[in-house]
């Protein structure tokens, strides 16, 4: 049960932004720009960063929903990449650039100052651009906030993995503010 009076049965951040749409609007717009806006990182890769940070923050709702979106965006042939990254980044079948960016995202999850010049050098050597570095850090920082928002108010978190499949399909299309019920 959520700590505040939100629509019953509406999972995660959706219930919270329905409670306070005037702030939720900006949270959804930020997610839309970061995860669906123009980028040299694919939408699947950006969702993977969000799922990775959420997993490290032990935010089951955000990890599960963004992992589901990443699976949809990767498609049938590559969907298992998501689970492999969440299990073991260093041995996952992603590019060296993605490993370096996920490493940076993981350090941001701990504390922004954990990102070292060596981390940036490694990412650049693997082909990361300034824009990709910027966006990775901002996605990681934003998801730390989103995770704390969802868990800090104890929003409804489905435990059935199947509940996230439809969420992932919806999220793969983009981030649209939910309507009041």
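No value in this document is a laboratory result; all are computed from the given coordinates. What you see is a predicted model, and the numbers here were worked out from it, not measured in a lab. Heads up, the Cβs are rebuilt from the backbone with ideal geometry, glycines too, and the neighbour counts pull from every protein chain shown.
Some notes on this structure:
- Tensor-based shape of the chain (alpha-carbon gyration tensor, a/c under 1.5 rounded, otherwise prolate or oblate): prolate
- Relative contact order for the chain: 36 percent, from Cα pairs under 8 Å spaced at least 6 residues apart, divided by residue count.
- Estimated purely from DSSP H runs of n ≥ 4, each contributing -39500 (n - 2.57), the mean residue ellipticity at 222 nm for the chain is -21000 deg cm²/dmol once divided by its residues.
- The smallest convex shape that holds all Cα atoms of region 78-175, its convex hull, gives 130 Å³ per residue.
- Over region 120-181, the pair-distance histogram of Cα-Cα distances with 5 Å bins from zero comes to 3, 13, 11, 20, 21, 11, 11, 8, 2, 1 percent, rounded to whole numbers.
- Classification of region 14-68 by its C-alpha gyration tensor yields an oblate form. The axis ratio a/c (a ≥ b ≥ c) is 1.5 or more, and b/c is at least a/b.
- Using a Förster distance of 22 Å, the FRET efficiency for residue 113-residue 88 (Cβ separation, nearest 0.05): 0.30
- Residues listed by number, region 114-152, amide nitrogen under 13 Å from residue 78 label point at 7 Å toward C-beta: none
- Calculated FRET efficiency for the pair residue 95/residue 145, C-beta based, R₀ 22 Å, to 0.05: 0.20
- 23, 159, 136 arranged by Cβ crowding within 10 Å, fewest neighbours leading: 159, 23, 136
- With neighbours defined as other Cβ atoms within 10 Å of a residue's Cβ, the residues 176, 150, 137 order from fewest to most as 176, 137, 150.
- Global geometry of region 31-124, whether rounded, prolate or oblate, following the gyration tensor of its Cα atoms and the 1.5 cut on a/c: rounded
- When 64, 95 are sorted by how many other C-beta atoms sit within 10 angstrom of their C-beta, beginning with the fewest, the order is 95, 64.
- Here each label is just a point 7 Å from Cα along the line to Cβ, and for residue 138 and residue 179 those points are 3.1 nm apart.
- With R₀ set to 41 Å, the beta-carbon distance separating residue 129 from residue 20 gives a calculated FRET efficiency near 0.70.
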